Amino acid sequence: MARFLLRRIAQGIVVMILVTILVFLIFFGSGSQIDVARRLAGRNASQQTIASITHRLHLNESLPAQYWHFVVQLVWHHNLGYSYYHTQPVSTIIGHAIPITLSLAIGAAVIWLVLGVLSGVTAAVRRGSVMDRVFTGLALFFYSLPTFVLGLLLLFLVYFQLAKRGIRIFPGQGYTGITSNPLKWLESMILPWFTLALVSAATYMRLTRGSLLEVLGEDYIRTARAKGLPERRVIFRHGLRSSLTPVVSQLGIDLGTLVGGAIVTETVFGMPGLGYTAVTSITNQDLPVIIGIVIVASGSVVVANILVDIFYAVLDPRVRLH
Amino acid sequence: MTIPSAIESHTELAIEPGVAAERAIEGRSTWQLAWMRLRKDKAAVVSFVVIVLIVLMAIFAPVVASLTGHGVDQQFRTTGLNGFGQPVGPNGTFLLGTDDLGRDILVRIAYGARISLLVGVVATLIMVAIGTVLGLMAGYLGGIVDSIIARLIDLVLSLPFLLFAISLVSVTHPGLAVVIIVIAVFNWAAVARIVRGQVLSIREKEYIEAARSLGAGPLRIMFVDVLPNVLTQLIVYATLLIPVTIVLEATLSFLGLGIPPPTADWGQMIAESEGVYQQAWWFLVFPGLALLVTTLSFNILGDGVRDALDPRLERR
Amino acid sequence: MSGDVIVRATDVVKHFPVQSSSLRRGREVVHAVDTVSLEVRRGETVGLVGETGCGKSTLARCLARLLDLTSGRVEFDGHDITKLKPRDLGKVRREMQMIFQDPYGSLNPKRRVGSIIGDPFAVHNVASGQDRRRQVQELMELVGLNPEHYNRFPAEFSGGQRQRIGVARALALKPKVVICDEPVSALDVSIQAQVLNLLADLQQHLNLTYIFIAHDLSVVRHVSDRVMLMYLGKIVEGGPSEEVYQRARHPYSNALLSAIPLPDPRAAQERPRIVLVGDVPSPIDPPRACRFHPRCPKAQGRCVEEEPVLEPRLGDPTTHVAACHFPVAEGEDLTMARPTLSEEERIVEPTMVATPGESGEKELP
Ligand SMILES: Nc1ncnc2c1ncn2[C@@H]1O[C@H](COP(=O)(O)OP(=O)(O)O)[C@@H](O)[C@H]1O
Ligand code: SF4
Ligand SMILES: [Mg+2]
């Protein structure tokens, strides 16, 4: 197990090295020295700022040397860079954004898991029934609906239409911290949660249904049935456990991607999480922030993937061999 | 194994006539049979028709423009905006209403279909091409080639797509080509992984060894012998990738990273509707509907194609 | 009718690495073929017989250089081809062809028959367009297929017809040697004879040399000039067919011979039959010295200590060799023999008993 862990972590580190190289090439490898300095300085930067950036980031040295400085800063000083636009370290900005993205991601994940797995199981168990058709149809619908369209439609229907009639349950856009006012926080999160959750719930419904149907068709399930075990028990004791494995691995991947994948929802609802911060940083040409966010988001994917693999390895020792 | 049972295996292995006949029917025309099955799938047929209509709308977008008499970028400041400078709703002149600049939404949706379909199809083709070639190489050549490509697949799969798209677009200039390339470059890995998996099992087949024994080189084996055997999977996958790609393009445009204005584009129209749609629902709903109908049709068709090509999975 | 040596294998060894498992990290290998030497002469048919898994196909693939050898040497038509790189193997590929066992697995299901049979032409760039089509259709006629079926898919043919497609493909480039790897094992008995006759006819017409693989002796008997019997990666007996059939020296050969089905059911009933029980030992860890000793009714202490060499036994001609310390004499009745090694000596339990006919004693557990 320790060996497996080490190997898996080593692979993760390799991926992260490649990610930083890629990020570095995108931002530092394209364009002249001055271009790069200007880009990093943000909009309306002074000549001095540009000169100091060139000096601080060693932009006058060779690309590999620059990359080396970049990595040294990142690894030894945990320094993600400095936003000249905000005159703040990037890590501070990201530190503010992370709780917002996390509360969005975790809440949405809970919702889509419950909705997706329950509807998937129901549809599989009552395969061919009206319920099955309804859930399958709904899943196809939400699966096809782009997140930003869903978000705007929810805002329009559930917020504005109600607000117009004087009913204000959900705030429109914006975000309230959970510590400042938990109730307001909850209210402000409901629409974003569902926006983010419904598309994924559709995916999970399809995944659960397909995998449960496959498992239910297998021999040992037929044996369990033939032995006269009650159908509920067959499904829940024998079927569900093995059919949920793909769901869990998908969840790991999705949770990792969410840090970067909540961009659209955050933008629609004006929540200053990581994604929204990245998008606004483009308008402000605040590249150090984008670089920082990309690295943090990629890191979270890598970590999530390692966790999924560990989970698998604990469940099924054979996995460790590969 | 005892010797007598080795002899029995003679007869065990002999193919019964019934089975042979069944295989013959199955093999006679995978495509014809799939087509027959697909035609019986009502939902798939309807979605196919809808897709054809959308394609026609895209091709004949200029005709839509000339029929209505409204150019795609033409701003109707007097007829298309009301007294407060707000968009007008669906009426006899503007069938689907106007946008915040007084442009005809119907005409812009027709033109927007061109971008969606173009990006959807072209980016998917590039993705499938890259994924197929790398997947074939990884699966068939194995060894170090496989290790490198497998790492590359892992890498690309762990990149947060939208963030990288933002990064790339932020150092280049948004545009059609950039959008297509960004989508393709960050999304081929899933195709490659599927192809690789398929090839790993196909390469153990005896007909691959037969080809090697004839002197066929790896390139020929990969493309002449292996590729046809992953084709059905690829077709299903490509059909299901088109809607994903269309959504990605619309999302990029929605975030202001896609096709720059004033080109008509669904995602961008929806972005422009923000702040206005409270008073002008049609500005949000019709482009959103266009997007939804398109992706839904492709998804239904994709499911239908999969069931038709692979009846084992049929209607589970 | 046989001439000079066209294929010569010297001490060919082929090991496959065992799928690595973290539990047993030792460098375990499958000893698929172990120091096999043989010669095939121009124009003759050499039969290669042994139970499934004894390494026949692996040996064939080594001879055709579809695999790299672990050690040993393979010569083809006077040239050492052991170390040739894939791109230098072109001539060997043209002149040495294979027919495979599985009529379903060996034809690409997604390609038309014309394109499959024409594959050798395409690969070696010899004929194209109309010319290729004409040649392919001639080949189809030659092997007894309807040339009008040029555009059909393999799935539209029966097993026997498919095997003819495989034969046509193998013959396309007029090879000198054809390795037939159990070409009829997967076919109905009634169809086997047709394909065998076709192969015999073609050999006469085209002056072919055959290496003919089978997992029992019945098929090989009619087609081979010489036979080699393999057990667990080694050749245990070899010689002119009639010699071996009349005077099989190795106990394993005798077991195989006694298992040949007889056309007359009554004769089959009465014939004493040597039944091998138990599985072939694992080729990962083959038995010491004589690999047959755990199953052998004649095994003695020497068999576990000293590996018998392949040499003429009991005054046989030099062409007839067997690897056994205690060869079977003519008229010796093995059916009454009992395993002679004690439990400790044998490592494995008694795995072979003899039964006179079907109605005989029960097999030991
Ligand atoms: N590619 C391979 N990798 C690992 N083991 C193999 C491979 N090919 C064959 N073997 C093993 O080598 C032994 C001989 O196989 P084979 O030559 O196919 O026997 P035969 O053709 O006599 O049935 C078997 O134990 C088989 O499992
Ligand atoms: S050498 Fe001994 S064990 Fe081997 S076959 Fe001969 S008698 Fe049997
Ligand atoms: Mg074999």
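The values are calculated or read from the model by the stated rules, or taken from the named source; none is laboratory data. Note that this is a predicted model, so its numbers are computed, not measured. We place every Cβ from the backbone using ideal geometry, glycine too, and count neighbours over all the protein chains shown. The area values use the complete protein model at the heavy-atom level, side chains included, leaving out ligands, DNA and RNA. Shrake-Rupley method; radii C 1.70, N 1.55, O 1.52, S 1.80 Å.
Taking the condition of being part of a helix (DSSP H, G or I) and open to solvent by less than 10 Å² (accessible area, probe 1.4 Å), how many residues in the range B:150-164 meet it?
The total comes to 3.
If I go through the range C:268-277 residue by residue, how many of them are away from chain B (no Cβ under 11 Å) and either at pLDDT 75 or above or outside any helix (DSSP H, G or I) (or both)?
Residues in the range C:268-277 being away from chain B (no Cβ under 11 Å) and either at pLDDT 75 or above or outside any helix (DSSP H, G or I) (or both): 2 in total.
Being buried (at least 19 other Cβ atoms within 10 Å of the Cβ) and either within 16 Å of ligand 1 (Cβ to nearest atom) or more than 23 Å from the chain's Cα centre (by Cα) (or both) is true for just one of C:Ala155, C:Ala168, C:Ala122. Which residue is that?
C:Ala155
So in the range C:78-112, with the set limited to residues that are under 16 Å from C:Ala60 (Cα atoms) and aliphatic (A, V, I, L, M), which one is nearest to the other protein chains (Cβ to nearest Cβ)?
Ranking the qualifying residues of the range C:78-112, first place goes to C:Met98.
Residue by residue through the range A:278-292, note down the ones that are touching a Lys or Arg at 6+ places or on another chain (Cβ under 9 Å), at the interface with another protein chain (Cβ under 10 Å from one of its Cβ atoms) and not hydroxyl-bearing (Ser, Thr, Tyr).
A:Gln285, A:Asp286, A:Leu287
Please name all residue pairs, on different chains or six or more residues apart, with Cβ atoms under 7 Å, provided the first residue is in the range C:290-313 and is within 14 Å of chain B (Cβ to nearest Cβ) and the second residue is within 16 Å of ligand 3 (Cβ to nearest atom) and at pLDDT 85 or above.
C:Phe292/C:Tyr231
Select, from B:Val199, B:Val226, the only residue that is over 21 Å from the mean Cα position of the chain (by Cα), within 13 Å of chain C (Cβ to nearest Cβ) and assigned to a helix (DSSP H, G or I).
From the options B:Val199, B:Val226, the qualifying one is B:Val226.
Which residue is surrounded by the most Cβ atoms within 10 Å (Cβ to Cβ), if the candidates are limited to the range C:34-57 and must be within 16 Å of ligand 1 (Cβ to nearest atom) and farther than 17 Å from C:Tyr252 by Cβ?
Here the residue is C:Val46.
In this structure, is A:Ile167 at pLDDT below 90 and open to solvent by 70 Å² or more (accessible area, probe 1.4 Å)?
For A:Ile167, the condition - at pLDDT below 90 and open to solvent by 70 Å² or more (accessible area, probe 1.4 Å) - is met.
Of the residues that make up the range C:161-176, is at least one assigned to a helix (DSSP H, G or I) and farther than 23 Å from C:Thr45 by Cβ?
Yes, that holds for at least one residue.
Would you confirm, using the coordinates I've provided, whether C:Ile99 is touching a Lys or Arg at 6+ places or on another chain (Cβ under 7 Å), of a type in the set (A, V, I, L, M) and away from ligand 2 (no atom under 16 Å from the Cβ)?
No.
Is at least one residue of the range C:145-159 acidic (Asp, Glu), part of a loop (DSSP other than H, G, I, E, B) and away from ligand 2 (no atom under 16 Å from the Cβ)?
No - not one qualifying residue is present in the range C:145-159.
Scan the strands (runs of 3 or more DSSP E) fully inside the range C:177-267 and keep the ones with 2 or more residues being more than 13 Å from every other protein chain (Cβ to nearest Cβ) and either of a type outside the set (Gly, Ala, Ser) or surrounded by fewer than 17 Cβ atoms within 10 Å (Cβ to Cβ) (or both).
Where strands (runs of 3 or more DSSP E) fall fully within the range C:177-267 and carry at least 2 residues being more than 13 Å from every other protein chain (Cβ to nearest Cβ) and either of a type outside the set (Gly, Ala, Ser) or surrounded by fewer than 17 Cβ atoms within 10 Å (Cβ to Cβ) (or both), they are C:209-214, C:226-231, C:234-240.
When only residues in the range A:97-141 that are of a type in the set (Phe, Trp, Tyr) and buried (at least 20 other Cβ atoms within 10 Å of the Cβ) count, which is farthest from A:Leu255 (Cα to Cα)?
Of everything passing the filter in the range A:97-141, A:Phe135 is farthest from A:Leu255 (Cα to Cα).
Being farther than 30 Å from B:Val224 by Cβ, away from every other protein chain (no Cβ under 14 Å) and open to solvent by 50 Å² or more (accessible area, probe 1.4 Å) narrows it down to one residue among C:Glu28, C:Glu75; which is it?
So the residue among C:Glu28, C:Glu75 that is farther than 30 Å from B:Val224 by Cβ, away from every other protein chain (no Cβ under 14 Å) and open to solvent by 50 Å² or more (accessible area, probe 1.4 Å) is C:Glu28.
Results for (1) modelled with pLDDT under 85; (2) within 16 Å of ligand 1 (Cβ to nearest atom); (3) within 24 Å of C:Ser241 (Cβ to Cβ), shown as yes or no for each residue.
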| site | (1), (2), (3) |
| --- | --- |
| C:Asp279 | yes, yes, no |
| C:Val304 | no, no, no |
| C:Pro308 | no, no, yes |
| C:Pro312 | no, no, yes |
| C:Pro317 | no, no, yes |
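Considering (1) within 24 Å of C:Pro240 (Cβ to Cβ); (2) at pLDDT 90 or above; (3) more than 16 Å from ligand 3 (Cβ to nearest atom), say which one C:Glu95 fails and leave the rest.
The single condition C:Glu95 does not satisfy is (1).
Report, by residue number, each residue of the range A:293-303 that is touching a Ser or Thr at 6+ places or on another chain (Cβ under 7 Å) and at the interface with chain B (Cβ under 7 Å from one of its Cβ atoms).
Within the range A:293-303, A:Ile293, A:Val294, A:Ser298, A:Val301, A:Val302 meet the criteria.
Here's a check for you: in the range B:211-223, which residue that is open to solvent by 10 Å² or more (accessible area, probe 1.4 Å), at the interface with chain C (Cβ under 7 Å from one of its Cβ atoms) and part of a helix (DSSP H, G or I) is farthest from C:Ile99 (Cα to Cα)?
My answer is B:Arg220.
Only one of (1) over 16 Å from B:Ile208 (Cα atoms); (2) within 11 Å of chain B (Cβ to nearest Cβ); (3) out of contact with any strand residue (DSSP E or B) (no Cβ under 6 Å at 6 or more places or on another chain) is not met by C:Asp131, so which one is it?
Only one criterion in (1) over 16 Å from B:Ile208 (Cα atoms); (2) within 11 Å of chain B (Cβ to nearest Cβ); (3) out of contact with any strand residue (DSSP E or B) (no Cβ under 6 Å at 6 or more places or on another chain) is unmet by C:Asp131, namely (2).
Looking only at the range B:181-192, filter to residues that are buried (at least 21 other Cβ atoms within 10 Å of the Cβ) and not small (Gly, Ala, Ser); which one of those is farthest from the other protein chains (Cβ to nearest Cβ)?
That would be B:Val191.
Out of all the residues in the range A:196-209, is one or more assigned by TED's automatic domain parsing to the domain that holds A:Asp132, at pLDDT below 80 and not aliphatic (A, V, I, L, M)?
Looking for residues that are assigned by TED's automatic domain parsing to the domain that holds A:Asp132, at pLDDT below 80 and not aliphatic (A, V, I, L, M), one finds none in the range A:196-209, hence no.
Within the range B:203-240, can you find the residues that are among the basic types (Lys, Arg) and closer than 18 Å to B:Ala192 by Cα?
B:Arg203
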